[in-house]
1. Answer yes or no: is there a residue in segment A:17-32 that is open to solvent by less than 50 Å² (accessible area, probe 1.4 Å), over 14 Å from the mean Cα position of the chain (by Cα) and more than 28 Å from residue B:93 (Cα to Cα).
2. Please verify whether residue B:71 is within 23 Å of residue A:41 (Cβ to Cβ) and touching a Lys or Arg at 6+ places or on another chain (Cβ under 7 Å), treating the condition exactly as stated.
3. Specify the residue that is least open to solvent (accessible area, probe 1.4 Å); the eligible residues are those in segment B:33-55 that are in a loop (DSSP other than H, G, I, E, B) and among the β-branched types (Val, Ile, Thr).
4. Limited to segment A:61-74, what total is found for residues that are under 19 Å from residue B:113 (Cα atoms) and open to solvent by 10 Å² or more (accessible area, probe 1.4 Å)?
5. What's the number of the only condition in (1) open to solvent by 40 Å² or more (accessible area, probe 1.4 Å); (2) under 26 Å from residue A:3 (Cα atoms); (3) without any contact (Cβ under 8 Å) to a residue 40 or more places away in the chain; (4) not aliphatic (A, V, I, L, M) that residue A:78 fails to meet?
6. Looking at (1) under 19 Å from residue A:83 (Cβ atoms); (2) outside any helix (DSSP H, G or I), which one does residue A:21 not meet, given that it meets all the others?
7. Which condition breaks for residue A:58 when tested against (1) within 23 Å of residue B:79 (Cα to Cα); (2) open to solvent by 30 Å² or more (accessible area, probe 1.4 Å)?
8. Take the residues of segment B:66-124 that are among the acidic types (Asp, Glu) and either assigned to a strand (DSSP E or B) or closer than 16 Å to residue A:37 by Cβ (or both): which is nearest to the other protein chains (Cβ to nearest Cβ)?
There are 2 protein chains.
Amino acid sequence: MSQHDAVLFANEAFYLAFSSQDLAAMTDLWASGVPVSCIHPGWPPLLGREEVLQSWEGIFSGDAPPAITCHGPRAHVYGDAATVLCFERIPESYLIATNIFVREGGLWKIVHHQAGPTNGGPVSEHGGELPMVN
Amino acid sequence: MSQHDAVLFANEAFYLAFSSQDLAAMTDLWASGVPVSCIHPGWPPLLGREEVLQSWEGIFSGDAPPAITCHGPRAHVYGDAATVLCFERIPESYLIATNIFVREGGLWKIVHHQAGPTNGGPVSEHGGELPMVN
């Protein structure tokens, strides 16, 4: 598997943990040896592993389960760091996300997530990597 | 200068180019040898150097000059890549931004920028690195 594909795989695992409210998986997906941060839509930034994981615990224990799917991921690998941009489909609209990964113990772990509003969305939903609109 | 400080310096240069509408400086600040991307608030993602720089040209030539300042930057260095999270003060409110840098020719160049809404803001504006609220 190329590093590009491995990063996309880690990104997919992130959204699987997110949508299935799997806190153990989410905990494992975040890097543990380097600083991490997270910006949920409209929130202030969360800094540090404890604060970030507490936010996921809160989201997963909320009344509304996160009905979210990832669309059109684009990965860019910069040595031992990588970014994935993707659309997040939430009920009736899309968000746009930046996810940042670093290699830790040979595995790509997430170190940062920011999601926010967008006026765009993936053009097509027919298989493979989805294009992004301009 | 530490890499941490060098990244903060590059981030400061980004906001100086932004607020002074300096397209030449902005062009120089973006990486040229690796993929770049940009998500302006509410926009779809822009992919590639040409598309990203065109967006800055459009923003700088608009009717409303970008009255924007950076507050509370936090840098994290991951080898040859780095992130800066910061608040962007715009008239009457704040945005929250993720900026990603990579080292290119010994200099930190920006490869990605995402800004979006936040309900937070820096707690204090009294010198130095500003804290972020939880």
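The values are calculated or read from the model by the stated rules, or taken from the named source; none is laboratory data. Being a predicted model, the structure only gives us computed values, none of them experimental. So basically every Cβ, Gly included, is an ideal-geometry build from the backbone, and we count neighbours across all protein chains shown. To get the accessible areas, we keep the full protein, side chains included, count just its heavy atoms, and leave off ligands, DNA and RNA. Shrake-Rupley method; radii C 1.70, N 1.55, O 1.52, S 1.80 Å.
1. no
2. Numbers: within 23 Å of residue A:41 (Cβ to Cβ): yes; touching a Lys or Arg at 6+ places or on another chain (Cβ under 7 Å): yes.
Criteria met by residue B:71.
3. Ranking the qualifying residues of segment B:33-55, first place goes to B:36.
4. Count: 2.
5. (1)
6. Of everything listed in (1) under 19 Å from residue A:83 (Cβ atoms); (2) outside any helix (DSSP H, G or I), residue A:21 misses just condition (1).
7. For residue A:58, the exception is condition (1).
8. Here is the first cut: in segment B:66-124, the residues among the acidic types (Asp, Glu) are B:80, B:88, B:92, B:104.
Filter once more, keeping what is either assigned to a strand (DSSP E or B) or closer than 16 Å to residue A:37 by Cβ (or both): B:88, B:104.
Working: B:88: 12, B:104: 10 Å.
Per the stated criteria, the residue is B:104.
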